[in-house]
1. Using the Cα centre of segment 111-171 as the reference point, and only Cβ charges (+1 on K/R, -1 on D/E), how large is the resulting charge dipole? Debye, rounded to the nearest 20.
2. Taking a 1.4 Å probe, which of LYS105, LYS29 shows the most accessible area, and what order do the others take after it?
3. Roughly to the nearest percent, how much of the accessible area of the chain is carbon and sulfur, given a 1.4 Å probe?
4. In segment 1-69, if the dipole is taken from +1 on Lys/Arg beta carbons and -1 on Asp/Glu beta carbons about the Cα centre, which of LEU6, TYR26, LEU54 is farthest to the positive end?
5. For segment 72-170, with the dipole built from +1 on Lys and Arg beta-carbon atoms and -1 on Asp and Glu ones, taken about the Cα centre, which of PRO95, MET158, PRO117 lies farthest toward the positive end?
6. How far, in nm, would the chain grow between ALA45 and ALA33 when pulled straight, counting 0.36 nm per residue and subtracting the alpha carbon separation?
7. Taking DSSP loops as anything outside H, G, I, E and B, show the longest stretch in the chain free of GluC sites (Glu not before Pro) there with at most 15 other beta carbons within 10 Å.
8. Could you give the accessible area per residue of the chain, probe 1.4 Å, as a whole number in Å²?
Amino acid sequence: MSEVRLTTPSYLVLGIIDKLGEATPYDVKVEAARTVAPFWSMPHAQVYAQCDRLLAAGLLSEVRQPGGRNRRLMSLTEEGAAALRAWLADPSFVPVEARERGILKLWFGASPRVHAPVQAEEHRRTLDGYEELARDVGELLTRGQREALEFGIRYERMMVDFWQWVESREP
């Protein structure tokens, strides 16, 4: 087993495979898009690269499914499960990088009158979707999933409020 530096995307892959029990890289990609994408996006190519890295490091094992497609079915090794548990238990703080394109545009001089109404509406649309999800399946989510959804709801409320404030300011 080679030493590999684990990153947040590494733990995302380990976590999804842990939740699914076993998965192909494609399954990981689909599950990430279905579940964590609103607060942690990961390009499809990175999913496949992470799977390869984690296999090489001995944190995942792989079985090739027989048949025409010869799909790679992966599961966590004991070392992979231990690495995931250690990461989940680590309370270290890492500052958030918002990466909001609209705010970057404001910084460089974009017109608040042009951008604020659009940004407020798009954040409102996202907020409505999260609130609908909470109403429809909130009770079915694990505590951690519900708390992550609540983060999304609160974040979108804050962004709607922020862009309405930008729009209401004097020109």
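The values are calculated or read from the model by the stated rules, or taken from the named source; none is laboratory data. From a predicted model like this one, the values you see are computed outputs, not experimental measurements. FYI the Cβ positions are ideal-geometry reconstructions off the backbone, even for glycines, and counts take in every protein chain you see. The protein model used for the area step is the full one, side chains on, heavy atoms only, and it has no ligands, DNA or RNA in it. Shrake-Rupley method; radii C 1.70, N 1.55, O 1.52, S 1.80 Å.
1. Details: 9 positive and 13 negative charges, 28 e Å.
My answer is approximately 140 debye.
2. Working: LYS105 95, LYS29 40 Å².
These residues rank, largest area first, as LYS105, LYS29.
3. Numbers: 6450 of 11730 Å².
Here it works out to 55 percent.
4. Farthest towards the positive pole: TYR26.
5. PRO117
6. Working: separation 12, 0.36 × 12 = 4.32 nm, distance 1.30 nm.
Separation in residues times 0.36 nm, less the Cα-Cα distance, equals 3.0 nm.
7. On the way: sites that count: GLU3, GLU22, GLU97, GLU100.
Longest gap between qualifying sites, sites excluded: 23-96.
8. 69 Å²
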